[in-house]
Amino acid sequence: MLRFIYLVGCLMSMSHGWSSLKMTTALPKPPLPRIIQGGMGIRISNWKLAREVSRRGELGVISGTAMDTILVRSLQSGDGDMLGALRHFPDQDMVKRVLDQYYIPGGKHANKPFKNLPMWTLIPSQVLLEVTVLANFAEVWLAKHNDDGTPTGGLVGINLLTKVQLPTLPSLYGAMLADVDYVIMGAGIPMAIPGFLDRLAQGEACSMSLDVEGKLPVGMAATFTFSPEEFWANAGKPALCTPLLRPSFLPIVSSVVLAQSMLKRATGAGPTRGIQGFVIELPTAGGHNAPPRGSMQLNDRGEPVYGPKDQVNLQQFQQATQGLPFWLAGSCAGKFHQVLAMGGQGIQVGTAFALANESGMTDHVRQATLQHLMNDDSMKVFTDPQASPTGFPFKVLQIPETLSETTVYEQRPRVCNLGYLRTPFVTKEGSINFRCAAEPVDAYIKKGGTLKATEGRKCLCNALCADAGYPQVLPGGTNEPGLVTMGDDVTFCRRFVKQDEGKLGYSANDVMDYLLKEFETGARDSACL
């Protein structure tokens, strides 16, 4: 299978210091992608979407966010695709353990709740680690293979959120077992990830220092450790701990300063610290946005105001980042010309793919969104400064029957049963506990949180699982409501929408046809400058 260790594009003369790593092998380098399909979670960027994009010679990306939950819920729904992928995992005893606990042939009854995994802690169970490794393996494997099990030969990446700390290392390891080509991470500063990729590729233990609220007692550390050797030993298969190929790493940044900081302080090998390029994300992108630089100011709609400090000079960026390739993200689907002219490798596109037929969005949510898109000329995306428990601004599309409606938000009982966005904090006793601003208010305040911090916070974990077709059943028999996130340029998608047998939709290939034509035009025009 065509893979590579280190990505530089046209900078062939640069030495990246990989000779010291045992897994170094001279492999042919595939061409750099021009288009990166955005990694939208939870499972909107699923394997079907990533596979379609990679088949066209570009970088298809799966979302690794909450894949452990997605796996056990898909198994409880009778999903045959995940079963097929798991047959290729190197430890079938591990697969059997998970299937025995979670698989329901034919799927559970719609009115019965899903059986949840235990929430993550500093010392997770072997079961939780195994589910997480299996889940990310399966999703990447499916994206990299045709229906008959043959490799597509395409490039596949995984996108993870830096803010979701505890599942990161086993998620990366599971993806690497399936030969993932790229790792892309934002929603925070993934400074330690390049070094972790180096170590995981060698089967070496990794210790992640967690971002913790409060002051730790002297001599106490808040770390999460994952050891491939220990993982396989606990599974009873120590011989399976072998070196893996290291994927390329692309951090998502929003400023020249952050990119420079990563090139100085990231933990990976080589002069670029294990970084093979950057995705520059503008505040018009969907999902989480970086907060505005400077003090938070809101416009008359209650949205954060982004100013000149939040703009990125691409020529300055190129000079400051050692000429590494970069892709621009955020309302960039029609901006190939500008990006190429300023030295960029290409663009990352999310929103246009989020509504494609192959994405993981449920048909009900997709149809509601497309109907809204085609019939409401005033439709806008709201950059909500409060919705996400992370404290980052979060793009919300105003869609009926979702948490964007005040009545739906207020009627939903506040529960925290997935916990991916919980924050570790230091208790009065000096121990580590976890809290989320979207959990029940009383529980949050008992843990030392403030009432103000809970206002307007929405349970993204459950809402985004609902969008992907895995809503938890609430007490009383109702399903968790969803919450749709899109980039500011969602109306751009109108050009692709067609009606077929009364349903609206379009394919990922419709988007790819448009983007590749834009690239050809942009490349031709840029060559003439």
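The values are calculated or read from the model by the stated rules, or taken from the named source; none is laboratory data. The structure displayed is predicted, hence computed values, not measured ones. A quick note on method: Cβ atoms are made from the backbone with ideal geometry, for glycine too, and the neighbour counts reach across all protein chains shown. The accessibility values were calculated without ligands, DNA or RNA, using every heavy atom of the protein model including side chains. Shrake-Rupley method; radii C 1.70, N 1.55, O 1.52, S 1.80 Å.
General remarks:
- A simple rule links phi to the HN-Hα coupling: the Karplus curve 6.51 cos²θ - 1.76 cosθ + 1.60 with θ = phi - 60°, which for the stretch 182-190 gives 9, 10, 10, 9, x, 6, x, 10, x Hz, with x for Gly and Pro.
- Of all DSSP beta bridges confined to the chain, the antiparallel ones make up roughly 40%.
- Cα-projected label distance for residue 127 with residue 386, points at 7 Å along beta-carbon direction, nm: 3.8 nm
- For the stretch 155-165, the Karplus equation 6.51 cos²θ - 1.76 cosθ + 1.60, evaluated at θ = phi - 60°, returns couplings of 8, 9, x, 10, 10, 10, 9, 4, 5, 8, 7 Hz by residue, with Gly and Pro reported as x.
- With the helix formula -39500 (n - 2.57) applied to DSSP H stretches of n ≥ 4, the chain reaches a computed 222 nm mean residue ellipticity of -9000 deg cm²/dmol.
- Near residue 479, the amide H atoms lying under 5 Å from its own belong to 474; only residues 5 or more places off or on other chains count, and H is placed 1.01 Å from N.
- What the Cα convex hull of the stretch 283-351 gives, in volume per residue, is 110 Å³.
- If you model the stretch 397-472 as an ellipsoid using its alpha carbon gyration tensor, with each semi-axis the square root of five times an eigenvalue, the axes come out at 26, 14, 9 Å, biggest first.
- Sequence-distant contacts, meaning Cα pairs under 8 Å at least 6 residues apart, place the relative contact order of the chain at 17 percent.
- Dipole check for the stretch 271-350: with +1 at the C-beta of Lys and Arg, -1 at the C-beta of Asp and Glu, and the Cα centre as origin, the magnitude is about 160 Debye.
- Scalar couplings 3J(HN,Hα) for the stretch 442-451, obtained by applying the Karplus form with A = 6.51, B = -1.76, C = 1.60 to θ = phi - 60°, are 4, 5, 5, 5, 4, 8, x, x, 9, 4 Hz; x denotes Gly and Pro.
- Taking all protein chains into account, the per residue accessible area for the chain stands at 40 Å² (1.4 Å probe).
- Label point at residue 112 placed 7 Å out along Cα→Cβ; residues across the stretch 66-91 whose backbone nitrogen lies under 15 Å: 73-79
- Spin-label pair residue 495/residue 479, simplified geometry with 7 Å Cα→Cβ offset, distance in nm: 3.3 nm
- Evaluated at q = 0.18, 0.24, 0.29 Å⁻¹, a Debye calculation over the C-alpha positions of the stretch 126-170 (equal weights, vacuum) places log10 I(q)/I(0) at -0.64, -0.89, -1.04.
- Rounded, prolate or oblate (a/c below 1.5 giving rounded, otherwise prolate when a/b exceeds b/c) for the chain by Cα gyration tensor: rounded
- The amide H of residue 156, built 1.01 Å from its N in the peptide plane, has 181, 182 as neighbours under 5 Å, considering only residues 5 or more places off or on other chains.
- The alpha-carbon of residue 458 sits under 17 angstrom from the alpha-carbons of these lysines, leaving out residues fewer than 8 places away in its chain: 163, 395.
- Compared with the rule-of-thumb size 2.2 N^0.38 Å for a compact globular protein, the stretch 293-394 has a Cα radius of gyration ratio of 1.34.
- In this simple spin-label approximation, residue 148 and residue 218 carry label points 7 Å from Cα along the Cα→Cβ vector, and these lie 6.9 nm apart.
- With 0.36 nm allotted per residue and the present C-alpha distance subtracted, the residue 455-residue 93 stretch has 125.7 nm of extension available.
- About its Cα centre, the dipole of the stretch 315-450 is roughly 500 debye, where the only charges are +1 on Lys and Arg Cβ and -1 on Asp and Glu Cβ.
- For the stretch 83-186: relative contact order, % (alpha-carbon pairs under 8 angstrom, 6 or more apart): 28 percent
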